[in-house]
Amino acid sequence: MARNIQSLERAAAMLRLLAGGERRLGLSDIASSLGLAKGTAHGILRTLQQEGFVEQDTASGRYQLGAELLRLGTTYLDVHELRARALVWTDDLARSSGESVYLGVLHQQGVLIVHHVFRPDDSRQVLEIGAMQPLHSTALGKVLSAYDPVAHSEVLEADRKPFTDRTVCEPEDFEQLLDLTRARGYAADVEETWTGVASVAAPIHDRRRMPVGAVGITGAVERVCRDGELRPELVAAVRDCARAVSRDLGAGRF
């Protein structure tokens with residue numbers, strides 16, 4: 001019988017440990033939980049980090065699962081309830097709006113893109129499933145920060161760096177932006193993350209009325225906006241899509 005490779009067994013055990021319980025674990029916690037010397041545990045973590053399977057929080061030094069696992073887990077995405085429920089509605093939104101559609105969830109102080117529908121104009125585009133977006137500047141991120149208490153805490157702890165001269169970074173200003181998002185039911189990003197690009201997003205809730213993700217469209221400012229404001233028909237389309245997915249998840253009417 002072939003012998004198991006000990007380093008792979010330890011790496012697998014480490015990933016399982018990070019997948020359950022605490023959101024982040026320190027080196028000592030990981031080493032003691034797995035009965036490993038700190039040096040051995042650190043070497044495995046460093047390798048996993050280089051491959052994108054593990055990420056280290058720069059502020060606390062703690063470790064958590066990396067987004068590379070999602071990129072490999074496309075079969076998981078096919079059965080993921082949120083994505084499965086959103087497939088038809090996001091396709092419809094892309095057709096009606098003429099823009100790219102993104103479905104995002106909270107992941108390690110950012111927005112993880114779990115579904116992406118191309119803009120229906122036959123232009124050359126890059127699939128962004130597995131990509132990360134910032135919480136504080138994108139429409140998807142602001143929606144999650146406004147409705148999800150965990151996202152709200154994480155965005156306040158994060159380094160809210162400016163991407164353009166329109167990015168809102170100061171805590172008080174950002175909180176006012178989240179209040180506005182909750183009041184109107186959607187978030188906007190007009191050149192706050194990328195120059196020349198605008199987005200609008202709305203929250204998705206589950207049967208417990210808990211926020212589980214956000215859906216939005218992204219496109220050139222001249223298409224998404226009119227006279228410096230988001231086109232109201234696009235805002236309405238995004239909100240309708242979010243409500244439809246929420247209803248399919250059992251949330252009822254919003």
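Observations on the model:
- Residues whose placed amide H lies under 5 Å from that of Gly213, excluding near-sequence neighbours: Ile204
- For the listed peptides 109-116, 122-129, a ranking on the average number of other beta carbons within 10 Å per residue, highest first, reads 109-116, 122-129.
- Among 237-247, 204-214, 7-17, the order from most to least packed when residues are scored by Cβ within 10 Å on average: 237-247, 204-214, 7-17
- The charge dipole of the chain, taken about its Cα centre with unit charges on the Cβ atoms of Lys, Arg (+1), Asp and Glu (-1) only, comes to about 880 debye.
- Using θ = phi - 60° and Karplus 6.51 cos²θ - 1.76 cosθ + 1.60, couplings along the stretch 232-241 (whole Hz; Gly, Pro as x): x, 5, 6, 4, 4, 5, 5, 5, 5, 4
- Lys/Arg +1, Asp/Glu -1 at C-beta; the chain dipole; positive extreme among Leu180, Gly39, Met132: Gly39
- When the charge dipole of the stretch 164-254 is built from unit charges on Cβ atoms (+1 for Lys and Arg, -1 for Asp and Glu) and taken about the Cα centre, the candidate among His205, Leu234, Ala251 whose Cα reaches farthest toward its positive end is Ala251.
- Signed unit charges on C-beta, dipole axis of the chain, positive-most listed residue Val190, Val224, Gln50: Gln50
- The distance from the alpha carbon centre of the stretch 201-221 to that of the stretch 126-193 is 13 Å, rounded to a whole number.
- Applying D = kT/(6 pi eta Rh) to the chain, where Rh is the Kirkwood radius over alpha-carbon pairs, T corresponds to 10 °C and eta to 1.306 mPa s, the Stokes-Einstein value obtained is 82 µm²/s.
- Modelled FRET efficiency - R0 25 Å, Glu172 with Val221, Cβ distances, 0.05 increments: 0.40
- The calculated 222 nm mean residue ellipticity attributable to helices in the chain amounts to -13500 deg cm²/dmol, summing -39500 (n - 2.57) over DSSP H runs of n ≥ 4 and dividing by all residues.
- According to the Kirkwood relation over distinct C-alpha pairs, the hydrodynamic radius of the stretch 79-124 is 11.3 Å.
- In terms of the mean number of neighbouring beta-carbon atoms within 10 Å, the peptides 25-32, 144-151 order highest first as 144-151, 25-32.
- Phi-derived couplings, Karplus 6.51 cos²θ - 1.76 cosθ + 1.60 at θ = phi - 60°, listed residue by residue for the stretch 52-57: x, 7, 9, 10, 10, 5 Hz, with x used for Gly and Pro.
Any read-out appearing in this document is the output of simple, stated calculations on the displayed coordinates, not a laboratory observation. Since the structure is predicted, the reported quantities are computational estimates derived from the model, not experimental observations. Glycine gets a Cβ as well: all are built from the backbone with ideal geometry, and neighbour counts include every protein chain shown.
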